[in-house]
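A.B. asks: Before I ask anything, here is the structure I am working with.
The values are calculated or read from the model by the stated rules, or taken from the named source; none is laboratory data. Keep in mind it's a predicted model, so treat the numbers as computed, not measured. Quick reminder, even Gly has a Cβ in these numbers, built from the backbone with ideal geometry, and neighbours come from all protein chains shown. For accessibility, only protein heavy atoms count, side chains too; no ligands or nucleic acids. Shrake-Rupley method; radii C 1.70, N 1.55, O 1.52, S 1.80 Å.
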Amino acid sequence: MEEKIKALLAEVESFSSQDTKEIETFRIRLLSRKGLIPALFDEFKQLEGDDKRKYGKPLNELKQKAQGKIEELKAGADGSGQHQANRFDLTRPAPGQFPGTRHPVNLVKNEIIDIFKRIGFNVSEGPEIEDDWHNFTALNFPEEHPARDMQDTFFVARNPEWALRTHTSSVQVRAMEANKPPIRTISPGRVFRNEAISARSHCIFHQVEGLYIDKKVSFADLKQTLLYFAREFFGADTKIRLRPSYFPFTEPSAEMDVYWGLKDEVDYRMTKGTGWLEVMGCGMVDPNVLENCGLNPEEYSGYAFGMGVERIAMQRYQISDIRYLFENDIRFLQQFQSAL
Ligand code: DAH
């Protein structure tokens, strides 16, 4: 008995392998039901008296050592043990990790906000569900104006006095109602229009509204502020032009265009062959609007402007379809990684 235990113990101690099959063969030979160690236990059962007392412990130790050894070797063969370190290719590049990225709409919105903050504008926000007063009436929309039509506006079913705001100009009204001039504020936010979704338009998009009210604000102030913005955003040599336009809440009203150039086919498409990009609507706040918001038009004047963030993001990043901005396809969004 003693000899057999010793011999097997020596075998267990000297055995080593990284091959799963070899380890398994070894296990079967020693530990399976018909293996050498269970056979020794059978022999042990036949012993009596002193012998039984003498060999119980070493036999159990042998079994435990054999089991331990096999576990250890198996772990190594699985690749989780230290023996296996040399099986890994330590020069292989780690799998790529993609942290979150800023959405292009937010990148552009934040840049617009920063540009106006640098010249003393603060940021204000208003509710997305608006009442008729702030979205239309106070902004001098005549009662029968087509923009109030069901087709353009999402009304709230529970209360037809409420609608999803169609523009961030509603925040102008709130800013004038809540503050004394001078008021210099920009209002970024989501707006909603009941329009068919296409490559060029969506029923949800973002605008940034601007408002400046003080004594003796003139159209020259507006023009200079917009030129500053265009040069910060589009580049130092940027040229702008103001085309006469119409909005109920400004008089006079204008559209600001930025000169983009007409060098290639993309420029033709983007500028409809004119070389000019339409960037925003603007004008001098209509005296009726000032009055509606509790300001005396004899004392105060001001300008306002409003631009669509998606449109500017599409121009900046050459995005051909507005729907890309809302689908959140990771392959699209990851392209803005470096712009963080
Ligand atoms: N609210 C206009 C729109 O949704 C944009 C706009 C035009 C805002 C002229 C203004 C403005 O403040 O003066 O298209």
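A.B. asks: So if we plug the beta-carbon distance of R29 and K52 into 1/(1 + (r/R0)^6) with R0 = 25 Å, what FRET efficiency do we get, rounded to 0.05?
C.D. replies: Details: r = 26 Å, r/R0 = 1.03.
Calculated value: 0.45.
A.B. asks: A further question follows. For the range 150-210 and the range 266-340, what is the separation of their Cα centres, given in Å?
C.D. replies: 13
A.B. asks: Which of V217, H202, V108 sits closest to the plus end of the dipole of the chain, meaning its Cα is farthest towards the positive end, when Lys and Arg get +1 and Asp and Glu get -1 on the C-beta?
C.D. replies: V108
A.B. asks: Suppose all protein chains stay in the model; what accessible area per residue would a 1.4 Å probe give for the range 2-87, in Å²? Let's see the in-between values first.
C.D. replies: Working: 6020 Å² over 86 residues.
On a per-residue basis, 70 Å².
A.B. asks: Another question, if that's okay. What does the net charge come to around W162 if you take all other residues with beta carbon closer than 11 Å to its beta carbon, with K and R at +1 and D and E at -1? Don't skip to the end; give the middle numbers.
C.D. replies: On the way: positive: R158, R165; negative: E128, E130, D131, D132, E161.
Net charge around W162: -3.
A.B. asks: Once label points are set 7 Å from the Cα along Cα→Cβ at both A94 and E299, what is their separation, rounded to one decimal in nm?
C.D. replies: 6.3
A.B. asks: Continuing with this model, one more query. Counting Lys and Arg as +1 and Asp and Glu as -1, each charge on the Cβ, what is the dipole of the chain about the Cα centre in debye, to the nearest 20?
C.D. replies: On the way: 45 positive and 51 negative charges, 310 e Å.
Dipole size: approximately 1500 debye.
A.B. asks: Further, regarding this structure: Filter the cross-link list K215/K239; K34/K57; K45/K65; K215/K272; K109/K272 down to pairs whose alpha-carbon distance in this structure exceeds 32 Å.
C.D. replies: Details: K215/K239 28 Å; K34/K57 21 Å; K45/K65 21 Å; K215/K272 39 Å; K109/K272 25 Å.
K215/K272, as the Cα separations exceed 32 Å there.
A.B. asks: Could you give the length gained on full extension between R316 and E177, defined as 0.36 nm per residue of separation minus the Cα-Cα distance, in nm?
C.D. replies: Values: separation 139, 0.36 × 139 = 50.04 nm, distance 3.50 nm.
Stretched fully, the R316-E177 segment lengthens by 46.5 nm.
A.B. asks: If you don't mind, there's one more thing I want to ask. Roughly to the nearest percent, how much of the accessible area of the chain is carbon and sulfur, given a 1.4 Å probe?
C.D. replies: On the way: 9850 of 19730 Å².
Carbon-and-sulfur percentage of accessible area, whole number: 50.
A.B. asks: Please work out the Cα convex hull volume for the chain and give it in Å³ per residue. Walk me through the numbers on the way to the answer.
C.D. replies: Values: hull volume 97.0 nm³, N = 340.
Taking only Cα atoms, the chain has a hull volume of 285 Å³ per residue.
A.B. asks: For a protection proxy built on the mean count of beta-carbon atoms within 10 angstrom, sort 286-292, 172-178 highest first, please.
C.D. replies: Values: 286-292: 17.9, 172-178: 20.1.
Taking the mean over residues of other Cβ atoms within 10 Å, the ranking is 172-178, 286-292.
A.B. asks: A further question on this structure: Okay, which of the range 317-332 sit inside 17 Å, backbone N to the point 7 Å along the Cα-Cβ direction of I204?
C.D. replies: Hits in the range 317-332 for I204 at 17 Å: 322-330.
A.B. asks: Now for a separate question. Leaving ligands, DNA and RNA out of it, work out the accessible area of E125 with a 1.4 Å probe and give it in Å² to the nearest 10.
C.D. replies: 140
A.B. asks: What FRET efficiency would be calculated for the residue pair N288, E265, taking the C-beta separation as r and a Förster radius of 35 Å, to the nearest 0.05? Show your work: numbers first, answer last.
C.D. replies: Numbers: r = 45 Å, r/R0 = 1.29.
Given R0 = 35 Å and the Cβ-Cβ separation, E is 0.20.
A.B. asks: For a quick protection proxy, order the peptides 324-336, 268-280 by their average other-Cβ count within 10 Å, most packed first.
C.D. replies: Ranking the peptides 324-336, 268-280 by packing returns 268-280, 324-336.
A.B. asks: Could I ask something else about it? Taking 1 over the mean of 1/r across every pair of different Cα atoms in the range 292-340, what Kirkwood radius in Å do you get? Don't jump to the answer; show the numbers that get you there.
C.D. replies: Working: mean 1/r = 0.0705 Å⁻¹.
The Cα-based Kirkwood calculation yields 14.2 Å.
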